[in-house]
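Worksheet for the structure shown next.
Rule-based calculations on the coordinates, nothing more; no lab input. Everything quoted here is computed from the prediction, not taken from an experiment. Note: ideal-geometry Cβ built from the backbone for every residue, glycine included; neighbour counts use all protein chains shown.
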Amino acid sequence: MHTRNIPGTDLNVSLLGFGNFTFGVNWWGDFTDDEAVAIQNHAFDQGVTFYDTAPAYGNWRAESLMKPTLEYAGRDNIVLSTKFGYDLVTDPGEEGSHRERKQNFTPDNLRRELENSLKIMGVDCIDLYQAHNIKLEHYKPELFEELKKFKAEGKIKEWGIALGPAIGWREEGHLAFLEHNAAVVQTVANLYEQDLGREFGEIAAAKGRGGVIARVPTNSGMLDEEFKDEHHKFPDRDHRKFRDRAWMVYGLKKNAIIREIAGDLGMTVTQFALRWLAQQPAMVSIEPNILSTDDVDKYAVCCDGTELPEDVLAKVAELYADDFGLGEEAHPCDHKSSTAEGGAVRSQYVAPALA
């Protein structure tokens with residue numbers, strides 16, 4: 001397992017990160033506590049040291065599942081991340097729902113959330129504290145002052161932001177690194193949705209501080225070759241039902257192209273995709289959805305530090321810039337935006353303001 005330092009911090013994280021979101025909701029199936037913890041513990045045995053959870057994942061259930069794994073691994077052997085910003089007391093949501101819930105980034109709520117997370121997981125300090133799906137309207141001085149207090153009190157080591165729920169929010173990511181000295185920006189980033197991860201990584205690399213955490217690194221299962229034809233039907237509770245049809249139709253066509261390139265290197269599509277992702281600027285950890293010990297083993301192989309040749313990276317860049325030669329309909333989905341009229345913009349690379 002490859003390990004990387006988050007530049008400008010003392011945190012060293014496994015390239016394969018374990019996000020236990022999948023155990024907090026039933027979108028990928030139902031897991032007992034024992035089943036979930038066994039998978040988490042197996043990941044540690046395979047070299048995973050970075051675990052990423054959140055109160056919003058099952059209304060504290062996912063956080064509670066971290067306690068036995070911390071005991072199994074030893075607290076000092078884990079880099080522990082959780083998140084903040086949802087008001088689960090006044091808006092707990094409905095089980096299985098995909099609805100966004102009320103957010104609250106006020107200092108009082110942050111303090112309540114932090115103390116509750118520490119208690120639930122049985123720890124004195126959280127290594128990485130991420131603002132969960134934060135938007136520009138929440139970027140207020142009192143938020144950042146409270147985070148400074150948490151660090152001074154020794155209750156968190158570093159903080160960052162996790163962008164979502166869909167892909168987007170470019171301005172939030174740029175500002176987090178450029179103006180607020182965040183340690184990480186977590187975003188959707190994968191071989192077929194490259195732009196925002198590239199931008200955030202370029203900013204962090206230029207500053208010499210901060211790293212990118214990639215979520216949805218297999219393009220919602222597309223790069224796992226989970227789907228065999230364009231007529232695949234998702235269960236009602238599966239969040240991927242919100243993906244548009246073009247994602248499925250042209251994702252399969254893109255896979256056929258990547259499969260040939262990966263095969264020439266003796267790799268599966270998944271291995272190629274994650275190794276490509278690991279070579280992007282300031283990439284520190286990759287968080288695929290893990291549903292079994294077999295998933296752990298499959299993804300661990302991809303995060304061993306093996307690099308792709310430069311000419312292959314150049315070929316991927318050329319393909320991506322031309323939508324893999326498949327035409328406009330194969331272009332990645334729009335990016336959500338807090339500033340654009342209509343709330344979305346065409347997906348594209350926008351060079352960061354680094355000067």
(message) Can you tell me what share of the DSSP beta bridges in the chain is antiparallel? A percent to the nearest 5 is fine.
(response) 20
(message) With +1 on the Cβ of every Lys and Arg and -1 on the Cβ of every Asp and Glu, and nothing else charged, how large is the dipole of the chain about its Cα centre, in debye rounded to the nearest 20?
(response) 580
(request) For region 233-355, go through all pairs of different Cα atoms, get the mean of 1/r, take its inverse, and jot down that Kirkwood value in Å. (result) 16.9
(request) Find the percent of Cα-Cα distances in region 282-337 that exceed 13 Å, and round it to a whole number. (result) 74
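So if I place +1 on the C-beta of Lys and Arg and -1 on the C-beta of Asp and Glu, and nothing else carries charge, what would the dipole magnitude of region 46-148 be about its Cα centre? I want it in debye, nearest 20. Let's see the in-between values first.
Details: 13 positive and 18 negative charges, 19 e Å.
Its charge dipole is roughly 100 debye.
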(request) In whole Hz, with x marking every Gly and Pro, tabulate ³J(HN,Hα) for region 118-126 from phi via Karplus 6.51 cos²θ - 1.76 cosθ + 1.60, θ = phi - 60°. (result) 4, 5, 4, 8, x, 10, 9, 8, 9
(request) Specify the residue with the greatest mean-square fluctuation among LYS67, LYS102, LYS83, computed from a Gaussian network of the chain linking alpha-carbon atoms under 10 Å apart. (result) LYS102
(request) Return the single residue from ALA317, ALA330, ALA36 with maximal mean-square fluctuation; model: Gaussian network over the chain, springs between Cα atoms under 10 Å. (result) ALA317
(request) Determine the distance separating the Cα centre of region 1-55 from the Cα centre of region 202-254; give it in Å without decimals. (result) 19
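Sort 236-248, 264-276 by the packing proxy (mean of other Cβ within 10 Å over each peptide's residues), most packed first. Walk me through the numbers on the way to the answer.
On the way: 236-248: 14.2, 264-276: 20.0.
Top of the packing list down: 264-276, 236-248.
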(request) Specify which residue in the list PRO235, MET121, LEU319 is farthest towards the positive end of the charge dipole of region 3-330, using unit charges on the beta carbon of Lys, Arg (+1) and Asp, Glu (-1), about the Cα centre. (result) MET121
(message) Using 5 Å bins from zero, what percent of all Cα-Cα pairs in region 1-59 falls into each bin?
(response) 4, 18, 23, 23, 16, 11, 5, 1
(message) For a 22 Å ceiling on Cα separation, which of these pairs sit above it: LYS157/LYS207; LYS135/LYS336; LYS119/LYS155; LYS102/LYS155; LYS102/LYS157; LYS102/LYS135?
(response) LYS102/LYS155; LYS102/LYS157
(message) Run the helix sum for the chain: -39,500 (n - 2.57) per DSSP H stretch of 4+ residues, divided by residue count, reported at 222 nm to the nearest 500 deg cm²/dmol.
(response) -11500 deg cm²/dmol
(message) Using Cα springs under 10 Å in a Gaussian network model of the chain, which residue among VAL312, VAL89, VAL79 shows the largest mean-square fluctuation?
(response) VAL89
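Quick one: Kirkwood hydrodynamic radius for the chain, alpha-carbon pairs, angstrom, one decimal?
On the way: mean 1/r = 0.0487 Å⁻¹.
Mean inverse Cα-Cα distance, inverted, gives 20.5 Å.
Over region 1-158, what per residue volume does the convex hull of the Cα atoms give, in whole Å³?
Values: hull volume 18.4 nm³, N = 158.
Normalising the Cα hull of region 1-158 by residue number yields 117 Å³.
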(request) Find, among the GluC sites (Glu not before Pro) in region 274-342, those assigned to loop by DSSP (not H, G, I, E, B) with at most 15 other beta-carbon atoms within 10 angstrom. (result) GLU307, GLU341
